[in-house]
1. Could you tell me which residue of the stretch 211-221 is farthest from the ligand (Cβ to nearest atom), considering only residues that are touching a residue at least 12 places away in the same chain (Cβ under 8 Å) and open to solvent by less than 20 Å² (accessible area, probe 1.4 Å)?
2. Where in the stretch 159-271 are the helices (runs of 4 or more DSSP H), entirely inside, with at least 1 residues that are out of contact with any helix residue (DSSP H, G or I) (no Cβ under 8 Å at 6 or more places or on another chain) and under 20 Å from A303 (Cα atoms)?
3. From the list A98, A102, which one is open to solvent by less than 40 Å² (accessible area, probe 1.4 Å) and more than 15 Å from the ligand (Cβ to nearest atom)?
4. Pairs, please: C-beta under 6 Å, at least 6 apart or cross-chain, first residue within 16 Å of the ligand (Cβ to nearest atom) and at pLDDT below 95 and in the stretch 194-210, second of a type outside the set (A, V, I, L, M, F, W, C) and in a loop (DSSP other than H, G, I, E, B)?
5. For the stretch 151-183, name all the residues that are open to solvent by 20 Å² or more (accessible area, probe 1.4 Å) and under 12 Å from T117 (Cβ atoms).
6. Considering D24, D30, D72, which residue is surrounded by fewer than 19 Cβ atoms within 10 Å (Cβ to Cβ), modelled with pLDDT under 95 and within 16 Å of the ligand (Cβ to nearest atom)?
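The values are calculated or read from the model by the stated rules, or taken from the named source; none is laboratory data. All values derive from a computational prediction rather than experimental measurement. Here the Cβ positions follow ideal geometry from the backbone for every residue, glycine too, while neighbour counts run over all protein chains shown. Only protein heavy atoms, including side chains, enter the accessible area calculation; ligands, DNA and RNA are left aside. Shrake-Rupley method; radii C 1.70, N 1.55, O 1.52, S 1.80 Å.
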Amino acid sequence: MRTAGPLALTAVLATSACGADPADSATRADGSQGEKTDVTAAMYPLQWLAGQVGGPDVTVTGLTKPGTEPHDLELALTQVAGLEKTGLVVYIKGVQPAVDEAVEEHAPDRGFDAATTVKTLPAVAEEGHEGDAQEEHGHEVSYDPHLWLDPARFATVATQLGEKLAAADPAHAQGYKDRAAKTAADLGTLDGEMAQGLSTCASDAIFTSHAAFGYLADRYKLRQVGISGLDPDAEPSPARLAEVAKVAKQEKVTTIFTETLVSPKVAEVLAQEVGAKTAVLDPVESQPANGDYLSAMRQNLTALQAALSCS
Ligand SMILES: [Zn+2]
């Protein structure tokens, strides 16, 4: 019975049932002592990061259920109530309006907005696409919030999260700082692999379902053509589709990328129209079915190398 999955689940259930109960102060399963800090993470990539940096000193609660699209998240009353008691809320302002609002109202002094730690990119304004009301739907900020798709920026977030947790829970400060350094180094390794793997490619244009990959494109000098803007639920207009098809033909594109959580229908129609195939490029907005943030990004690298004919 002692497999990794059920054991981890039991630990989560046990802590959430006890909350800040003194029972937490007892020796933990991992042998460490002291009370765990409750960390709430708005969506998967931040949940992963909080787990890496927080290690055995935190209990991480995710607000977005695995396998659900995070942008249009609605919070349950119990989740909102949980924010009143949590030690730190890790989120990115602009991804999930419901979270932005709830943090402002229920945890204004305990919010850690990852977007404040890095240089953000402006929200995408594709050619001929400015002024499209759908573009802004669901995003109430002027920058592109998908910053976790740049491992270098995400490494900065890891370091800052380590500082933040160290300040919130000084008794375990060194552990947070050490794990933040290790996580930043892992992300640096990933960044190096991606830079190397995407340095010599026949094409540089990536055609994606929703424009989630602006940071990745910026970091590795690719050009993103998003079919439906920043919001994955926004249906592109026929005019927009025709425009993207025209560009795709000009670019002699081989692959139209789809996502795991968004219907591939539009991408499939487009691919058929321009004689390309479809492949998955994961915006890692939700927990991958197998693996974690790092393995999902490495799968993305493989998919990009095939689509762009990289040597
Ligand atoms: Zn998105």
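1. We begin by selecting, within the stretch 211-221, every residue touching a residue at least 12 places away in the same chain (Cβ under 8 Å); these are 211-216, 218-221.
From what's left, open to solvent by less than 20 Å² (accessible area, probe 1.4 Å): 211-216, 220.
Working: A211: 8, A212: 4, F213: 9, G214: 10, Y215: 11, L216: 12, Y220: 18 Å.
Ranking the qualifying residues of the stretch 211-221, first place goes to Y220.
2. Details: elements: 173-197, 214-219, 238-250.
Correct list: 173-197, 214-219.
3. Working: A98 fails: more than 15 Å from the ligand (Cβ to nearest atom).
Result: A102 is the single residue among A98, A102 that is open to solvent by less than 40 Å² (accessible area, probe 1.4 Å) and more than 15 Å from the ligand (Cβ to nearest atom).
4. Here the result reads S209/E259; H210/S228; H210/P232, each pair linking the stretch 194-210 to a residue that is of a type outside the set (A, V, I, L, M, F, W, C) and in a loop (DSSP other than H, G, I, E, B).
5. Residues satisfying the conditions are R153, T156, T159, Q160, E163, K164.
6. Numbers: D24 fails: within 16 Å of the ligand (Cβ to nearest atom); D30 fails: within 16 Å of the ligand (Cβ to nearest atom).
Being surrounded by fewer than 19 Cβ atoms within 10 Å (Cβ to Cβ), modelled with pLDDT under 95 and within 16 Å of the ligand (Cβ to nearest atom) holds for just one of D24, D30, D72, which is D72.
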